[in-house]
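Below is one structure; the comments refer to it alone.
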Amino acid sequence: MKPWTVASPRRAAAAAVVHALLALLAAAFALPALWLVAAFDSEAASRARLPRAPTLDNFATVATPDTLFVPLANSLWMCGGAALVTVAASVLAAYPLSRFQLRFGRPFLYTVLFATGLPVTAIMVPVYSLFSRVGMVDSRWGVMLFLAAAGMPFGIWLTKSFLDGIPVELEEAAWADGASARQSLLRVVVPLALPGLSVVGVFTLVLAWGNFFVPFVLLQTPERLPAAVRIYTFFGQYGSMDYGPLAAYSVLYTLPVVLLYAAVARLLGGGFSLGGAMKG
(Lines give C-alpha, C1' and ligand atoms only; values in the text may rest on other atoms or scores of the structure.)
Protein backbone atom coordinates (compact mmCIF):
# COMPACT_ATOMS: atom_id res chain seq x y z
CA MET A 1 0.00 0.00 0.00
CA LYS A 2 1.31 3.43 -0.93
CA PRO A 3 2.15 5.40 2.27
CA TRP A 4 0.34 8.66 2.91
CA THR A 5 2.47 11.77 3.18
CA VAL A 6 1.82 15.19 4.65
CA ALA A 7 1.44 16.64 1.19
CA SER A 8 -1.11 14.02 0.04
CA PRO A 9 -4.27 15.85 1.28
CA ARG A 10 -3.05 19.06 -0.32
CA ARG A 11 -2.36 17.30 -3.59
CA ALA A 12 -5.77 15.64 -3.49
CA ALA A 13 -7.47 18.99 -2.88
CA ALA A 14 -5.48 20.66 -5.66
CA ALA A 15 -6.35 17.82 -8.05
CA ALA A 16 -10.05 18.16 -7.15
CA VAL A 17 -9.95 21.91 -7.83
CA VAL A 18 -8.19 21.39 -11.16
CA HIS A 19 -10.69 18.74 -12.26
CA ALA A 20 -13.60 20.98 -11.24
CA LEU A 21 -12.22 23.87 -13.25
CA LEU A 22 -11.65 21.63 -16.26
CA ALA A 23 -15.22 20.32 -15.97
CA LEU A 24 -16.58 23.88 -15.89
CA LEU A 25 -14.47 24.81 -18.90
CA ALA A 26 -15.67 21.76 -20.82
CA ALA A 27 -19.28 22.59 -19.94
CA ALA A 28 -18.80 26.16 -21.15
CA PHE A 29 -17.81 24.82 -24.57
CA ALA A 30 -20.27 21.91 -24.67
CA LEU A 31 -23.47 23.60 -23.56
CA PRO A 32 -23.80 25.94 -26.58
CA ALA A 33 -23.41 22.90 -28.85
CA LEU A 34 -26.58 21.41 -27.36
CA TRP A 35 -28.52 23.88 -29.50
CA LEU A 36 -27.63 21.73 -32.51
CA VAL A 37 -30.54 19.45 -31.59
CA ALA A 38 -32.53 22.10 -33.49
CA ALA A 39 -31.31 20.33 -36.64
CA PHE A 40 -33.91 17.64 -35.93
CA ASP A 41 -36.72 20.07 -35.05
CA SER A 42 -39.08 21.35 -37.73
CA GLU A 43 -40.14 24.18 -35.37
CA ALA A 44 -36.68 25.16 -34.15
CA ALA A 45 -36.20 28.44 -32.32
CA SER A 46 -33.32 30.30 -30.76
CA ARG A 47 -33.65 28.36 -27.50
CA ALA A 48 -32.40 24.80 -27.24
CA ARG A 49 -35.12 22.22 -26.68
CA LEU A 50 -35.77 18.60 -27.45
CA PRO A 51 -37.76 18.26 -30.68
CA ARG A 52 -41.33 17.09 -30.20
CA ALA A 53 -41.26 15.11 -33.44
CA PRO A 54 -37.67 14.49 -34.60
CA THR A 55 -37.28 14.85 -38.35
CA LEU A 56 -34.56 14.96 -41.01
CA ASP A 57 -36.34 17.57 -43.13
CA ASN A 58 -33.80 20.26 -42.25
CA PHE A 59 -30.96 18.07 -43.54
CA ALA A 60 -32.88 17.40 -46.75
CA THR A 61 -33.38 21.15 -47.16
CA VAL A 62 -29.67 21.99 -47.00
CA ALA A 63 -28.30 18.87 -48.73
CA THR A 64 -28.24 20.40 -52.21
CA PRO A 65 -25.26 20.99 -54.52
CA ASP A 66 -25.42 24.78 -54.38
CA THR A 67 -26.02 24.97 -50.64
CA LEU A 68 -23.82 22.19 -49.24
CA PHE A 69 -21.79 20.01 -51.59
CA VAL A 70 -20.08 22.67 -53.72
CA PRO A 71 -19.19 24.87 -50.72
CA LEU A 72 -17.84 21.83 -48.84
CA ALA A 73 -15.76 20.85 -51.88
CA ASN A 74 -14.39 24.41 -52.04
CA SER A 75 -13.54 24.28 -48.33
CA LEU A 76 -11.77 20.93 -48.69
CA TRP A 77 -9.83 22.19 -51.71
CA MET A 78 -8.70 25.48 -50.18
CA CYS A 79 -8.20 24.39 -46.57
CA GLY A 80 -6.63 21.05 -47.45
CA GLY A 81 -4.27 22.74 -49.90
CA ALA A 82 -3.39 25.35 -47.28
CA ALA A 83 -2.57 22.60 -44.77
CA LEU A 84 -0.27 20.81 -47.23
CA VAL A 85 1.53 24.02 -48.22
CA THR A 86 1.95 25.02 -44.57
CA VAL A 87 3.40 21.64 -43.59
CA ALA A 88 5.87 21.59 -46.49
CA ALA A 89 7.00 25.18 -45.93
CA SER A 90 7.20 24.70 -42.15
CA VAL A 91 9.54 21.72 -42.57
CA LEU A 92 11.86 23.66 -44.86
CA ALA A 93 11.88 26.67 -42.51
CA ALA A 94 12.12 24.77 -39.22
CA TYR A 95 14.84 22.30 -40.26
CA PRO A 96 17.74 24.80 -40.39
CA LEU A 97 16.45 26.50 -37.24
CA SER A 98 16.53 23.14 -35.46
CA ARG A 99 19.83 21.80 -36.79
CA PHE A 100 22.09 24.85 -37.18
CA GLN A 101 23.24 27.64 -34.90
CA LEU A 102 22.11 30.55 -37.03
CA ARG A 103 23.17 34.07 -36.17
CA PHE A 104 19.68 35.49 -36.59
CA GLY A 105 17.80 32.35 -35.63
CA ARG A 106 16.42 33.59 -32.32
CA PRO A 107 15.30 37.02 -33.65
CA PHE A 108 13.64 35.23 -36.55
CA LEU A 109 11.75 32.95 -34.15
CA TYR A 110 10.61 35.92 -32.09
CA THR A 111 9.43 37.62 -35.27
CA VAL A 112 7.49 34.49 -36.21
CA LEU A 113 6.00 34.37 -32.71
CA PHE A 114 4.89 37.99 -33.06
CA ALA A 115 3.29 37.17 -36.40
CA THR A 116 1.05 34.56 -34.72
CA GLY A 117 -0.69 37.31 -32.75
CA LEU A 118 -1.16 39.69 -35.69
CA PRO A 119 -4.90 39.98 -36.49
CA VAL A 120 -5.85 39.17 -40.06
CA THR A 121 -8.18 42.16 -40.23
CA ALA A 122 -5.22 44.50 -39.76
CA ILE A 123 -3.59 43.42 -43.02
CA MET A 124 -6.57 42.69 -45.27
CA VAL A 125 -6.53 46.11 -46.98
CA PRO A 126 -2.94 45.83 -48.26
CA VAL A 127 -3.49 42.13 -49.01
CA TYR A 128 -6.55 42.92 -51.10
CA SER A 129 -4.62 45.65 -52.93
CA LEU A 130 -1.75 43.24 -53.64
CA PHE A 131 -4.08 40.49 -54.82
CA SER A 132 -5.85 42.96 -57.11
CA ARG A 133 -2.56 43.90 -58.78
CA VAL A 134 -1.49 40.32 -59.39
CA GLY A 135 -4.96 39.23 -60.51
CA MET A 136 -5.65 36.82 -57.63
CA VAL A 137 -8.90 38.35 -56.36
CA ASP A 138 -11.77 35.87 -56.71
CA SER A 139 -9.22 33.06 -56.98
CA ARG A 140 -9.35 29.93 -54.86
CA TRP A 141 -5.59 29.59 -55.34
CA GLY A 142 -5.12 33.03 -53.80
CA VAL A 143 -7.27 32.18 -50.79
CA MET A 144 -5.44 28.88 -50.33
CA LEU A 145 -2.02 30.57 -50.36
CA PHE A 146 -3.17 33.29 -47.97
CA LEU A 147 -4.58 30.73 -45.53
CA ALA A 148 -1.32 28.78 -45.75
CA ALA A 149 0.69 31.93 -45.01
CA ALA A 150 -1.59 32.74 -42.07
CA GLY A 151 -0.97 29.34 -40.49
CA MET A 152 2.74 29.22 -41.21
CA PRO A 153 4.08 31.13 -38.14
CA PHE A 154 2.55 28.71 -35.66
CA GLY A 155 3.39 25.82 -37.99
CA ILE A 156 7.08 26.75 -37.93
CA TRP A 157 7.10 26.87 -34.13
CA LEU A 158 5.40 23.50 -33.80
CA THR A 159 7.53 21.85 -36.47
CA LYS A 160 10.76 23.09 -34.90
CA SER A 161 9.78 21.66 -31.52
CA PHE A 162 9.09 18.28 -33.15
CA LEU A 163 12.36 18.29 -35.11
CA ASP A 164 14.30 19.16 -31.96
CA GLY A 165 13.21 15.81 -30.53
CA ILE A 166 14.74 13.79 -33.39
CA PRO A 167 18.36 12.78 -32.64
CA VAL A 168 20.93 14.26 -35.01
CA GLU A 169 22.84 10.97 -34.83
CA LEU A 170 20.21 9.37 -37.05
CA GLU A 171 21.02 11.84 -39.83
CA GLU A 172 24.75 11.43 -39.28
CA ALA A 173 24.36 7.68 -39.73
CA ALA A 174 22.52 8.31 -43.01
CA TRP A 175 25.26 10.68 -44.15
CA ALA A 176 27.88 8.05 -43.32
CA ASP A 177 26.01 5.66 -45.62
CA GLY A 178 26.26 8.17 -48.47
CA ALA A 179 22.90 9.96 -48.19
CA SER A 180 22.74 13.63 -49.09
CA ALA A 181 21.21 16.29 -46.85
CA ARG A 182 18.03 16.26 -48.93
CA GLN A 183 17.78 12.48 -48.78
CA SER A 184 18.32 12.40 -45.01
CA LEU A 185 15.63 15.04 -44.57
CA LEU A 186 13.07 13.23 -46.73
CA ARG A 187 13.89 9.64 -45.75
CA VAL A 188 14.92 9.99 -42.10
CA VAL A 189 13.65 13.21 -40.54
CA VAL A 190 10.27 13.57 -42.23
CA PRO A 191 9.10 9.97 -41.57
CA LEU A 192 10.05 10.27 -37.90
CA ALA A 193 8.32 13.65 -37.65
CA LEU A 194 5.11 12.51 -39.35
CA PRO A 195 3.07 12.52 -36.12
CA GLY A 196 4.10 16.10 -35.42
CA LEU A 197 3.60 17.17 -39.03
CA SER A 198 0.13 15.64 -38.93
CA VAL A 199 -0.64 17.79 -35.90
CA VAL A 200 0.55 20.87 -37.80
CA GLY A 201 -1.59 19.94 -40.80
CA VAL A 202 -4.72 19.31 -38.75
CA PHE A 203 -4.20 22.50 -36.76
CA THR A 204 -3.83 24.54 -39.96
CA LEU A 205 -6.83 22.89 -41.60
CA VAL A 206 -9.06 23.50 -38.57
CA LEU A 207 -8.10 27.18 -38.39
CA ALA A 208 -8.62 27.63 -42.12
CA TRP A 209 -11.89 25.68 -42.06
CA GLY A 210 -13.50 28.17 -39.72
CA ASN A 211 -12.06 31.26 -41.39
CA PHE A 212 -14.91 33.45 -42.64
CA PHE A 213 -13.32 36.83 -43.19
CA VAL A 214 -10.59 35.98 -45.69
CA PRO A 215 -12.70 34.14 -48.32
CA PHE A 216 -15.55 36.61 -47.76
CA VAL A 217 -13.26 39.48 -48.80
CA LEU A 218 -11.21 37.79 -51.52
CA LEU A 219 -13.89 35.72 -53.27
CA GLN A 220 -16.75 37.21 -55.26
CA THR A 221 -18.23 34.39 -57.35
CA PRO A 222 -20.91 32.45 -55.37
CA GLU A 223 -19.79 29.12 -56.89
CA ARG A 224 -16.32 29.56 -55.34
CA LEU A 225 -17.40 30.38 -51.80
CA PRO A 226 -16.50 27.87 -49.06
CA ALA A 227 -18.94 26.53 -46.50
CA ALA A 228 -17.74 29.02 -43.87
CA VAL A 229 -19.11 31.85 -46.03
CA ARG A 230 -22.09 29.96 -47.43
CA ILE A 231 -23.50 29.51 -43.92
CA TYR A 232 -23.91 33.28 -43.78
CA THR A 233 -26.86 33.06 -46.17
CA PHE A 234 -29.01 31.50 -43.43
CA PHE A 235 -28.94 34.79 -41.57
CA GLY A 236 -31.66 37.06 -42.94
CA GLN A 237 -32.21 40.77 -42.55
CA TYR A 238 -33.36 42.39 -39.31
CA GLY A 239 -32.21 39.44 -37.21
CA SER A 240 -34.35 36.78 -38.87
CA MET A 241 -32.87 33.37 -39.55
CA ASP A 242 -33.83 29.80 -40.35
CA TYR A 243 -32.85 28.04 -37.15
CA GLY A 244 -33.56 24.48 -38.27
CA PRO A 245 -31.64 24.57 -41.58
CA LEU A 246 -28.89 26.61 -39.90
CA ALA A 247 -28.42 23.93 -37.23
CA ALA A 248 -28.49 21.14 -39.82
CA TYR A 249 -25.93 22.95 -41.97
CA SER A 250 -23.73 23.53 -38.91
CA VAL A 251 -23.73 19.80 -38.13
CA LEU A 252 -22.81 18.84 -41.69
CA TYR A 253 -20.24 21.64 -41.91
CA THR A 254 -18.50 20.51 -38.70
CA LEU A 255 -18.63 16.78 -39.45
CA PRO A 256 -15.56 16.56 -41.80
CA VAL A 257 -13.28 18.25 -39.27
CA VAL A 258 -14.54 16.08 -36.41
CA LEU A 259 -14.02 12.90 -38.45
CA LEU A 260 -10.53 14.04 -39.48
CA TYR A 261 -9.58 14.80 -35.88
CA ALA A 262 -10.88 11.42 -34.71
CA ALA A 263 -8.98 9.59 -37.47
CA VAL A 264 -5.70 11.41 -36.81
CA ALA A 265 -6.04 10.98 -33.04
CA ARG A 266 -6.54 7.24 -33.53
CA LEU A 267 -3.64 6.84 -35.95
CA LEU A 268 -1.24 8.93 -33.88
CA GLY A 269 -2.20 7.57 -30.49
CA GLY A 270 1.29 6.21 -30.00
CA GLY A 271 2.92 9.61 -30.44
CA PHE A 272 6.69 9.86 -30.63
CA SER A 273 8.84 6.91 -29.64
CA LEU A 274 12.47 7.75 -30.34
CA GLY A 275 13.96 6.63 -27.07
CA GLY A 276 15.38 3.38 -28.47
CA ALA A 277 16.23 4.66 -31.93
CA MET A 278 19.98 4.59 -31.29
CA LYS A 279 20.13 1.20 -29.59
CA GLY A 280 22.00 -1.54 -31.35
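Rounded to the nearest 500, the 222 nm mean residue ellipticity of the chain from helices alone is -20000 deg cm²/dmol, with -39,500 (n - 2.57) taken per DSSP H run of at least 4 residues.
For the range 81-148, carbon and sulfur atoms together expose 69% of the accessible surface, with a 1.4 angstrom probe and every protein chain in place. Taking amide H positions as modeled 1.01 Å from N, with prolines and chain starts lacking one, the residues under 5 Å from Asp242 and 5 or more places away or on another chain are Gly236.
Less than 5 angstrom separates the built amide H of Leu268 from none of the residues sequence-distant by 5 or more or on a different chain. In the complete set of protein chains, residue-level accessible area for Glu169 is approximately 90 Å², probe 1.4 angstrom. The computed Cα extents along the principal axes in Å for the structure shown corresponds, within [x] 85, 72, 34; [y] 69, 68, 33; [z] 75, 72, 35, to [y]. Here the Karplus curve 6.51 cos²θ - 1.76 cosθ + 1.60, taken at θ = phi - 60°, turns the phi angles of the range 110-120 into couplings of 5, 5, 5, 4, 5, 5, 5, x, 7, x, 5 Hz, with x standing for Gly and Pro. Summary of the geometry: the range 105-119 and the range 185-202, compared by the centres of their Cα atoms, lie 22 Å apart. With the highest mean first, a sort of the peptides 86-94, 178-186 on other beta-carbon atoms found within 10 angstrom per residue produces 86-94, 178-186.
Packing around the peptides 250-263, 202-215, taken as the average count of other Cβ atoms within 10 Å per residue, puts them in this order, highest first: 202-215, 250-263.
Fully extended, how many nm does the chain gain between Thr64 and Ala27 (0.36 nm per residue separation, minus their Cα-Cα distance)?
Fully extending the segment from Thr64 to Ala27 adds 10.0 nm.
The values are calculated or read from the model by the stated rules, or taken from the named source; none is laboratory data. Predicted, not measured: the structure shown is a model, and the values here were computed from it. Cβ: placed from backbone, ideal geometry, glycine included. Neighbour counts: every protein chain shown. The accessibility values were calculated without ligands, DNA or RNA, using every heavy atom of the protein model including side chains. Shrake-Rupley method; radii C 1.70, N 1.55, O 1.52, S 1.80 Å.
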